[in-house]
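The values are calculated or read from the model by the stated rules, or taken from the named source; none is laboratory data. This is a predicted model, so every value here is computed, not measured. Cβ: placed from backbone, ideal geometry, glycine included. Neighbour counts: every protein chain shown.
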Amino acid sequence: MTAALIFPKERPSGADLLVPGVHLRPARTMDLPFLRRLYRIGREAELAPLNWPEATRRDFCRAQFEAQHLDYTGRYPAARFLVIEAKREPVGRLYVDFAGQAVHLIDIALLPSRQGQGIGSRILVALQDEARETGRALRLSVARTNGRAAGLYRRHGFQAEAEGPTHLSLIWSSAG
């Protein structure tokens, strides 16, 4: 049986990010099918060499999505869990926590068809503006295997803060 997945009640903490060309809105229970699909799409390259039957892939991704969701909502109860929309259609997710000493970009994901169009860059700039205005750093973690995202973060001035076996912790500060 799957766990009941909910999002923390939206609080007025943090910025109302304005990102040109997209709309950010709180994620709702009705968004879970889209968010599951987005998660699954993000895992396809990793799963491809495993040669699992479709039912196994589906069940694995569903369980992993639910575990991640419960971890994120439990570990970051004050975070904003947002759906990224373009022309009223969901195209991604943005999970960000404004509650700490630094702005923490928990997760950002876009449909492959919407990658490379500047959406991620515009969101990063909005987060950097918020961090700058509040005198805080912006932190995130990126998988070592995600060279495309790591390159994007480096182009936006992020620097390595710590290195783990699977992920890099990156930080951006307006102080440089």
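Taking the conditions exactly as written (within 15 Å of the chain's Cα centre (by Cα) and under 17 Å from PRO26 (Cβ atoms)), does VAL103 satisfy them or not?
It is false that VAL103 is within 15 Å of the chain's Cα centre (by Cα) and under 17 Å from PRO26 (Cβ atoms).
Going through the stretch 129-155 one residue at a time, which ones are farther than 15 Å from ILE108 by Cα, touching a strand residue (DSSP E or B) at 6+ places or on another chain (Cβ under 7 Å) and either polar (S, T, N, Q) or in a loop (DSSP other than H, G, I, E, B) (or both)?
ARG136, ALA137, ARG144, listed by residue number.
Do we have ARG93 as surrounded by 11 or more Cβ atoms within 10 Å (Cβ to Cβ) and under 14 Å from the mean Cα position of the chain (by Cα) here?
Yes, satisfied.
Here are some conditions: (1) surrounded by 14 or more Cβ atoms within 10 Å (Cβ to Cβ); (2) touching a strand residue (DSSP E or B) at 6+ places or on another chain (Cβ under 8 Å); (3) of a type in the set (A, V, I, L, M, F, W, C); (4) in contact (Cβ under 8 Å) with a residue 40 or more places away in the chain. ALA78 meets all but one. Which one does it not meet?
Only one criterion is unmet by ALA78, namely (1).
Looking for something of a type in the set (Lys, Arg) and modelled with pLDDT under 95 - is there at least one such residue anywhere in the stretch 30-43?
Yes: one or more hits.
List the residue pairs whose Cβ atoms are under 8 Å apart, where the first residue sits in the stretch 118-129 and is of a type in the set (Ser, Thr, Tyr), the second is surrounded by fewer than 19 Cβ atoms within 10 Å (Cβ to Cβ) and not in a helix (DSSP H, G or I), and the two are 6 or more positions apart or on different chains.
Matching pairs, first to second residue: SER121/HIS156.
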